[in-house]
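Read the figures in this text as sums done on the coordinates, not as results from a lab. Just so it is clear, the structure is predicted and the values come from calculations on it, not from any experiment. Reconstructed Cβ throughout: ideal geometry from the backbone, glycine too, with neighbour counts over all protein chains shown.
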Amino acid sequence: MLVWTHLAVYLLVYMALMTSGAYAKPRGNLIGSTSKHPTERGYRSILQFGNMISCATQRDPSDYSGYGCYCGYGGGGTPMDGVDRCCQQHDQCYGMVQDRCGYYYAYLFPYSSSCKRRRITCHRPWWSWSECPIMLCECDRMAAYCFAWYRDRYNPDNYGRCDSPSASPTG
């Protein structure tokens with residue numbers, strides 16, 4: 001009986017997510033991607049990533065969307081600086097998760113995380129048997145820590161700008 005209950009809950013969540021605007025159809029990149037598949041994240045995971053960025057950096061997460069060549073929609077070319085390299089690495093991490101978990105499966109379930117004293121912890125959701133949500137959480141966590149490492153080297157002049165000839169500014 002318990003197995004059927006879990007299966008029914010899974011199917012209801014799956015159907016609700018697949019018919020919602022955030023998961024129904026891939027439309028582009030939020031943080032960019034070097035994968036052959038575009039990345040798109042649901043509203044909830046954007047908030048989760050933003051919370052991690054705020055926790056680790058004490059900065060507004062919007063400071064990073066549209067920064068350099070890789071932070072924001074799209075991404076390509078040569079990173080402008082360390083902050084932009086953080087976004088490039090985040091894109092690569094998401095690409096690996098997509099390759100391992102599949103495009104849609106990787107985004108079906110949100111992850112769980114907590115922040116205490118600038119320390120971010122990823123938690124396996126109680127309802128998930130998959131490693132995919134925890135892998136996505138780790139990608140976001142490492143990007144947030146990378147941003148924190150380069151916090152004092154954030155260059156506002158790189159916001160909305162990409163000097164790489166093979167890419168256009170993200171955002």
Under the Karplus relation with 6.51, -1.76 and 1.60 and θ = phi - 60°, whole-Hz ³J(HN,Hα) for region 127-132, x at Gly and Pro, equal 8, 9, 9, 8, 7, 4
Where a label projected 7 Å from the Cα of Met96 along Cα→Cβ would reach, residues of region 125-148 with amide N under 19 Å: 130-148
Measure off 7 Å from each Cα along the Cα-to-Cβ vector at Tyr150 and Tyr103, then give the distance between these two points in nanometres to one decimal. 2.8
Stretch gain in nm, segment Ser164-Ser54, where the contour uses 0.36 nm per residue and the Cα spacing is subtracted: 36.8 nm
Just grab the label-to-label distance for Arg119 and Met142, each label 7 Å out from Cα along the Cβ direction, in nm (one decimal). 2.1
